[in-house]
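Read the structure below first, then the notes.
The values are calculated or read from the model by the stated rules, or taken from the named source; none is laboratory data. Values in this document were obtained by computation on a predicted structure and should not be read as measured data. Cβ sites come from the backbone with ideal geometry, for glycine too, and all protein chains shown count toward neighbours.
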Amino acid sequence: MSGQILFYVSASIAVLASLFVVTNKNAVHALLYLVVSLLALAMCFYLLGAPFAAALQIIVYAGAIMVLFVFAVMIFNISQTDIDREKQWLTWQSWVGPSLLVMVLLGEIVFVIVSQQNWATNSTSVAQIELVDARAVGSLLFGPYLLAVEIASFLLLAGLVGGYHLAKELPKKSTKQGGSQ
Amino acid sequence: MMSVPIEHGFVLVALLWAIGLVGLLSRKNTLFMLMSMEIMLNAGALAFILAGSLWQQADGQVIYILILSIAAAEVGLGLALLIRLRQHIGDLNIDKLDEMKG
């Protein structure tokens with residue numbers, strides 16, 4: 001029973017923090033709300049019986065990826081003029097169309113989810129969530145999913161090379177050539 | 001451990017995904033669009049974790065790890081592009097990226 005309450009509390013924290021991320025005007029505040037949302041989701045993962053995924057969510061997502069965001073925001077050097085410009089961009093007209101369309105879509109998805117009758121019959125153990133530990137994940141990861149792990153490593157290598165290539169300083173000559181073309 | 005109806009978890013997935021989609025569609029600042037995409041990716045990851053705990057299999061967490069590496073690569077490349085964009089046009093407005101004219 002207490003696990004249920006914890007799940008609903010952390011789920012509502014995640015939803016609220018995501019709303020603040022989307023509506024905030026200051027990039028640094030939005031980033032911190034995003035960290036809160038990720039940590040709340042990590043709590044949900046733990047309560048759903050996936051402690052390994054919860055630990056990875058905190059270490060990799062809320063730790064490494066968000067630090068990358070924070071460094072990028074530091075490089076962007078957000079000033080008061082940026083925040084004022086953000087206020088100009090965010091008029092209420094820009095929210096109406098997307099919000100209405102996505103509300104309709106969300107209503108349809110929730111209707112489909114709630115009207116499914118066979119959630120309980122598909123699984124014998126909905127009532128009692130069991131722990132799936134890191135040992136099972138590891139033996140799957142380096143057994144049937146070995147090729148996927150290799151492909152993920154190629155993807156990360158490509159991200160590394162691409163990030164290095166895109167973010168390094170351009171030499172003056174090549175920018176002139178790029179401008180004249 | 002506990003008993004949450006699994007459809008409530010999927011409703012949470014749909015809510016987070018919808019919030020991310022609204023942000024992606026209505027913001028003009030590219031940095032906020034990237035953050036909204038992070039929210040949507042996280043909603044997808046939560047769906048896999050939910051399915052994994054529904055069927056008591058570790059496959060959901062394996063796919064979660066793959067989603068994590070995709071998110072890391074995407075964020076690295078996206079932020080590098082944003083740094084280059086900020087150097088070129090001064091702010092991060094996506095509407096200024098129409099130089100190629102189709």
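Here are the numbers for the structure shown:
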read-out	value
Output for the stretch B:1-48, where each listed residue is among the polar types (S, T, N, Q) and farther than 19 Å from A:P98 by Cβ	B:S3, B:N42
Residue identified as under 17 Å from B:L31 (Cα atoms) and free of Cβ contacts under 8 Å to residues at least 24 places away in the same chain among A:I75, A:I5	A:I75
Meets criteria (farther than 26 Å from A:K25 by Cα, at pLDDT 85 or above and at the interface with chain B (Cβ under 7 Å from one of its Cβ atoms)) for A:A136	yes
Within the stretch B:22-40, tally of residues that are at the interface with chain A (Cβ under 7 Å from one of its Cβ atoms), hydrophobic (A, V, I, L, M, F, W, C) and closer than 20 Å to A:C44 by Cβ	2
Condition met for B:L54 (of a type outside the set (G, A, S), under 15 Å from the mean Cα position of the chain (by Cα), at the interface with another protein chain (Cβ under 7 Å from one of its Cβ atoms) and surrounded by fewer than 22 Cβ atoms within 10 Å (Cβ to Cβ))	no
Test: B:I70 is more than 9 Å from every other protein chain (Cβ to nearest Cβ) and surrounded by fewer than 19 Cβ atoms within 10 Å (Cβ to Cβ)	no
Qualifying residue in the stretch A:9-27 (condition: at pLDDT below 90 and hydrophobic (A, V, I, L, M, F, W, C))	yes
Residue list for the stretch A:147-160, restricted to those being surrounded by 11 or more Cβ atoms within 10 Å (Cβ to Cβ) and over 23 Å from the mean Cα position of the chain (by Cα)	none
Selected residue [over 28 Å from A:V149 (Cβ atoms), more than 7 Å from chain A (Cβ to nearest Cβ) and either modelled with pLDDT under 85 or buried (at least 20 other Cβ atoms within 10 Å of the Cβ) (or both)] from B:G60, B:G102	B:G102
Test: residue in the stretch A:143-155 that is at the interface with chain B (Cβ under 7 Å from one of its Cβ atoms), among the hydrophobic types (A, V, I, L, M, F, W, C), out of contact with any Cys (no Cβ under 9 Å at 6 or more places or on another chain) and touching a residue at least 24 places away in the same chain (Cβ under 8 Å)	no
